[in-house]
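Written below as structure tokens is the structure these notes are about.
The values are calculated or read from the model by the stated rules, or taken from the named source; none is laboratory data. Model, not experiment: these values are computed from the prediction. Note that each Cβ is placed from the backbone with ideal geometry, even for glycine, and that neighbours are counted across all protein chains shown.
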Amino acid sequence: MAKDYPIPAGVIERETEVKKSRFIARVAPVSNRDEVREWLDQAHRDHPDARHICWAYQIGRPGSAAEAAMNDDGEPSGTAGKPILNVIQHKDMGDVMVLVIRYFGGIKLGAGGLVRAYAGAAESVLSQVQRVVQPALETVTVAMSYADEQVVRHWCDQHAAEVVSVDYSAGVQAVVRLPVASLAEFKGFCDAQKLQCMTNER
């Protein structure tokens, strides 16, 4: 059974300086790729003159994240995104993105110096951000007729559940993500509506 896990309570920034280069680290809660893209776009709007905007994120429960990614944004491979992601993974926090904006100060840091600078910047925000608990989520697949789709969507809107994807073929198959605490109620709703509900294997 999925368990609750900590996520960032909000957005904070911390700035560090290494050999005249400025490293501005920003942490933000994210739950999907659209939010990741929004935070990256926001960083580019806030810092259009930055030399590099490097980042990493993981979505889902720490230790078994559903998705994780990183980007060096022009820094030597493995010197920026990977150190940021390593710090995230050691913080036991899920649904989190860290962006590190670098303004080059004219002095090259070398590969080891870059790794230390980006890891240090990530550490500076992750060690200070407040945490809140993300209720554990379960993913289920519901098979239904076209006529039932709106009824299912309405139930999800009322119960903090999310329709992640819908496949239209002979009938409708929807993948629904919902709090574990609501799972039994949702299965009861599906039974009452004569819908087929299957818990997805992990």
(request) Give Ala160, Ala147 a once-over and let me know the one that is loosely packed, with under 14 Cβ neighbours inside 10 Å, aliphatic (A, V, I, L, M) and closer than 25 Å to Asp34 by Cβ. (result) Ala160
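Scanning for something in contact with a Pro (Cβ under 8 Å, 6 or more places away or on another chain), touching a residue at least 24 places away in the same chain (Cβ under 8 Å) and either part of a loop (DSSP other than H, G, I, E, B) or under 16 Å from Leu126 (Cβ atoms) (or both), does segment 79-90 turn up at least one residue?
Within segment 79-90, one or more residues are in contact with a Pro (Cβ under 8 Å, 6 or more places away or on another chain), touching a residue at least 24 places away in the same chain (Cβ under 8 Å) and either part of a loop (DSSP other than H, G, I, E, B) or under 16 Å from Leu126 (Cβ atoms) (or both).
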(message) Checking the structure you have, find out if any residue of segment 128-135 is outside any helix (DSSP H, G or I), in contact with an Asp or Glu (Cβ under 7 Å, 6 or more places away or on another chain) and of a type in the set (Val, Ile, Thr).
(response) yes
(request) Quick one: in segment 172-202, of everything that is modelled with pLDDT of 85 or more and assigned to a loop (DSSP other than H, G, I, E, B), which residue is nearest to Ala143 (Cα to Cα)? (result) Leu195
(request) Restricting attention to segment 59-77, report how many residues are more than 27 Å from Leu137 (Cα to Cα), out of contact with any Gly (no Cβ under 7 Å at 6 or more places or on another chain) and part of a strand (DSSP E or B). (result) 0
(request) Out of the residues in segment 106-139 that are free of Cβ contacts under 8 Å to residues at least 60 places away in the same chain and aliphatic (A, V, I, L, M), state the one that is surrounded by the fewest Cβ atoms within 10 Å (Cβ to Cβ). (result) Ala111
(request) Filter segment 87-112 for residues that are of a type in the set (A, V, I, L, M) and under 30 Å from Ala65 (Cα atoms) and give the result. (result) Val87, Ile88, Met93, Val96, Met97, Val98, Leu99, Val100, Ile101, Ala111
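Conditions (1) crowded, with 18+ Cβ neighbours inside 10 Å; (2) touching a strand residue (DSSP E or B) at 6+ places or on another chain (Cβ under 6 Å); (3) closer than 14 Å to Leu114 by Cα, marked per residue:
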position: Lys20; (1), (2), (3): no, no, yes
position: Arg26; (1), (2), (3): yes, yes, no
position: Cys54; (1), (2), (3): yes, yes, yes
position: Gly60; (1), (2), (3): no, no, no
position: Ile84; (1), (2), (3): yes, yes, yes
(message) Among the residues in segment 29-43, are any part of a strand (DSSP E or B), crowded, with 17+ Cβ neighbours inside 10 Å and either touching a residue at least 40 places away in the same chain (Cβ under 8 Å) or out of contact with any Phe, Trp or Tyr (no Cβ under 8 Å at 6 or more places or on another chain) (or both)?
(response) yes
(message) Looking at segment 143-171 only, could you name the residues that are of a type in the set (A, V, I, L, M, F, W, C) and either assigned by TED's automatic domain parsing to the domain that holds Asn32 or part of a loop (DSSP other than H, G, I, E, B) (or both)?
(response) Ala160, Ala161, Ala170
(request) Looking only at segment 67-115, count how many residues are among the polar types (S, T, N, Q), under 21 Å from His47 (Cβ atoms) and modelled with pLDDT under 95. (result) 0
